[in-house]
Amino acid sequence: MIHIRVSPEAIDVAAELARVELAGVGGIASFSGLVRADDGVELLELEHYPGVTEAMLAGLAGEAIARWTLKAASIVHRVGPMRPGARIVFVATAAAHRGAALEACAFLIDRLKTDAPFWKRETRGGERRWVEARDGDQAAAARWDN
């Protein structure tokens, strides 16, 4: 089972976890990402390429399901304006055993940071600027290349 949602709506973690609690599942791993207030960030705005973003995320989830024999994978990502502390992303994976769920969850968050078409703009001190990709994100994603 693959579930993908890109929306400005708040993420309900309990509802999203319940979605992956399926028969035969022995382990569920999840990751919640929050908007950080690094260096005075007042607002984070996230834009995406509708249709393409969801397709890319579904492709990553499908890759994780095949690679780790998952029972389910869920990726929920917010778009629009968000304040520090807001949940921006939620990833959950479910497998027969914890190791597969944990590895697949790490794979999905590492890869969506670099592969999915999202654009971030921060407001600091009243000034808005686009956020560039980080070298650390590229390195994290590269560790999953075969």
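The values are calculated or read from the model by the stated rules, or taken from the named source; none is laboratory data. Given the structure is predicted, the values throughout are model-derived calculations rather than measurements. Neighbour counts are summed over all protein chains in view; Cβ atoms, including those assigned to glycine, are modelled from backbone coordinates with ideal geometry. Keep in mind that these areas ignore ligands, DNA and RNA; they rest on the heavy atoms of the full protein, side chains included. Shrake-Rupley method; radii C 1.70, N 1.55, O 1.52, S 1.80 Å.
Here are some notes:
- Only protein atoms count toward the accessible area here, which uses a 1.4 Å probe; on the chain, the carbon and sulfur part of that area reaches 52 percent.
- Given +1 at the Cβ of Lys and Arg, -1 at the Cβ of Asp and Glu and no other charges, the dipole of the chain around its Cα centre is 200 debye to the nearest 20.
- For the chain, excluding the exposed loop sites themselves (GluC sites (Glu not before Pro), DSSP loop, at most 15 other Cβ atoms within 10 Å), the longest remaining stretch covers 22-131.
- Solvent exposure ordering (accessible area, 1.4 Å, most first) of Arg134, Arg67, Arg143, Arg121: Arg143, Arg134, Arg67, Arg121
- Span-rule helices in the chain, defined as complete DSSP H runs reaching 15 Å or more along the axis (Cα) with Kyte mean at least 0.0: 52-68, 98-115
- Set of segment 68-104 residues, backbone N closer than 17 Å to the point 7 Å along the Cα-Cβ line of Glu47: 78-82
- Note that segment 25-146 presents 51 Å² accessible area per residue, ligands and nucleic acids not counted, probe 1.4 Å.
- Since only Ala100, Ala116, Ala73 are under comparison, the one whose Cα sits farthest along the positive direction of the charge dipole of segment 60-131, derived from C-beta charges on Lys, Arg, Asp and Glu, is Ala116.
- Summarising the amide proton neighbourhood of Leu43: residues at separation of 5 or more, or on other chains, whose placed amide H is nearer than 5 Å comprise Thr123.
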